[in-house]
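Below is one structure, written out as structure tokens; the observations come after it.
Read the figures in this text as sums done on the coordinates, not as results from a lab. Owing to the predicted nature of the structure, the values given are computational and were not obtained by experimental measurement. In this analysis, Cβ positions are derived from the backbone assuming ideal geometry, glycine residues included, and neighbour counts consider all displayed protein chains.
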Amino acid sequence: MSADTADRHGTDELSGRRALVTGGTRGIGRAIVDRLTRAGATVAYSARTAPQSGHATELFVQADIGTTAGVETVSQHVHDRLGGVDILVHTVGADGDQHVPLLHQTDDIWQLVMDVNVFAAARLDRALVPGMVERGTGSVVHVSSLSRSMPNPNRVPYGAAKAALSHYSKGLAAEVAPLGVRVNSVTPGFTESSWGRSFVRALADRAGTGYDEARTQLMADIGIPLGRPVRPEEVAELVVFLVSDRASAIVGAEHVVDGGSKPTV
Ligand SMILES: NC(=O)c1ccc[n+]([C@@H]2O[C@H](COP(=O)([O-])OP(=O)(O)OC[C@H]3O[C@@H](n4cnc5c(N)ncnc54)[C@H](OP(=O)(O)O)[C@@H]3O)[C@@H](O)[C@H]2O)c1
């Protein structure tokens, strides 16, 4: 997505809005931070480790969002620095331990994927959505995954956690829409984020091939009619549309951005 295309909708359509993006230092979350900022929003963001140099750090908060204490740290930061948020994007996800047979997936793995993919969203929403309800306006986006509806034997805990997140997201949408808050979910397919690149590198290492070969093989295995992975910026474009007034009647819907990978209707 070129800057020109994005700017067609006005660079300041989110001017005056306060946003929080979890997982905003890399990958899809970083692209969302950049795109919201370009749209005029004031954007706080979180991660466990500090952002690369060159990124504004004034509104960055360091915390593990998979813990109750981490969520409290992030929501307190947002209350202290911004007085609340109008836009909340929960981007962080956790994949658990791939290539472990399901009967060997431990409680720790299950707990991690549930904590990061589901409980973090529910805890953050509990902390920040009441402020939106009080003001009678706000928008929330939960980042899910195609794995939620396409079970992969190697990633069942992750897919199950994302399925729970999608279910939760739909439920919350129905509860708060009459109060002025819109909730939606965004479901990326294979996206060449930092996580996506690490995934390909791991496949290449296991197969003893180079990055490009492993990437081509992965795309063939997934089946991507578009012929390439999704770019983080393309997920961000969808998120910014959903939180903008252009999406004012879109509520409780799952939006897939996957280059056509999902084979079902
Ligand atoms: N990439 C894909 O192909 C793909 C496909 C479908 C869905 N998704 C979903 O898209 C979302 C973003 O994925 P991505 O590919 O952009 O990942 P990424 O490139 O690995 O970026 C993850 C971001 O989240 C932060 N993070 C990770 N664990 C955290 C934790 N416990 N607490 C706080 N921050 C944490 C990371 O920073 P720190 O490590 O410093 O904490 C980083 O900022 C996830 O929900 C993922 O499930 C991705």
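If you take all other residues with their beta carbon under 12 Å from the beta carbon of GLY23, and give Lys and Arg +1 and Asp and Glu -1, the sum is +2. Along the stretch 39-46 the Karplus relation, 6.51 cos²θ - 1.76 cosθ + 1.60 evaluated at θ = phi - 60°, assigns HN-Hα couplings of 7, x, 6, 8, 10, 8, 8, 9 Hz to successive residues, with x for each Gly and Pro.
Here the contact order of the chain, divided by its residue count and restricted to Cα pairs under 8 Å and six or more residues apart, works out to 19 percent. Cα centroid separation, the stretch 83-138 to the stretch 204-265: 20 Å. Look at the alpha carbon pairs under 8 Å that are at least 6 residues apart: their mean separation over the length of the stretch 137-265 gives a relative contact order of 32 percent. With a cut-off of 12 Å between beta carbons, the residues surrounding GLY131 carry a summed charge of 0, where Lys and Arg count +1 and Asp and Glu -1. Neighbours of LEU172, meaning other residues whose beta-carbon lies under 12 angstrom from its beta-carbon, give a summed charge of +1 when Lys and Arg score +1 and Asp and Glu score -1.
For the peptides 100-112, 12-24, the ranking by mean Cβ contacts within 10 Å, running from highest to lowest, is 12-24, 100-112. Around the amide H of GLN105, modelled in the peptide plane, lies no amide H under 5 Å away from a residue 5 or more places distant or on another chain. Structural descriptor for the stretch 58-128: relative contact order 42 percent, calculated from alpha carbon pairs under 8 angstrom and at least 6 residues apart.
Magnitude of the charge dipole for the chain, about its Cα centre and with charges confined to Cβ atoms of Lys, Arg (+1) and Asp, Glu (-1), is about 180 debye.
Residues HIS90, HIS79 in ascending order of nearby Cβ atoms (within 10 Å, fewest first): HIS79, HIS90.
Residues whose amide H comes within less than 5 Å of that of GLY138, counting only those at least five positions distant or on another chain, are ARG182 (H built at 1.01 Å from N in the peptide plane). Using the Cα coordinates of the chain, the gyration tensor eigenvalues translate into equivalent-ellipsoid semi-axes of 29, 21, 18 Å, sorted from longest to shortest.
3J(HN,Hα) along the stretch 232-244, derived from phi through the Karplus expression 6.51 cos²θ - 1.76 cosθ + 1.60 where θ = phi - 60°, amounts to x, 4, 6, 5, 4, 4, 5, 4, 5, 4, 5, 8, 8 Hz, with x in place of Gly and Pro. Since only SER169, ALA127, SER194 are under comparison, the one whose Cα sits farthest along the positive direction of the charge dipole of the chain, derived from C-beta charges on Lys, Arg, Asp and Glu, is SER169. Couplings 3J(HN,Hα) for the stretch 215-227, derived from phi with the Karplus relation 6.51 cos²θ - 1.76 cosθ + 1.60 (θ = phi - 60°), are 5, 4, 5, 4, 4, 5, 5, 6, x, 10, x, 5, x Hz, where x marks Gly and Pro. Helical content alone sets the calculated 222 nm signal of the chain at -13500 deg cm²/dmol, taking -39,500 (n - 2.57) per DSSP H segment of four or more residues and averaging over every residue.
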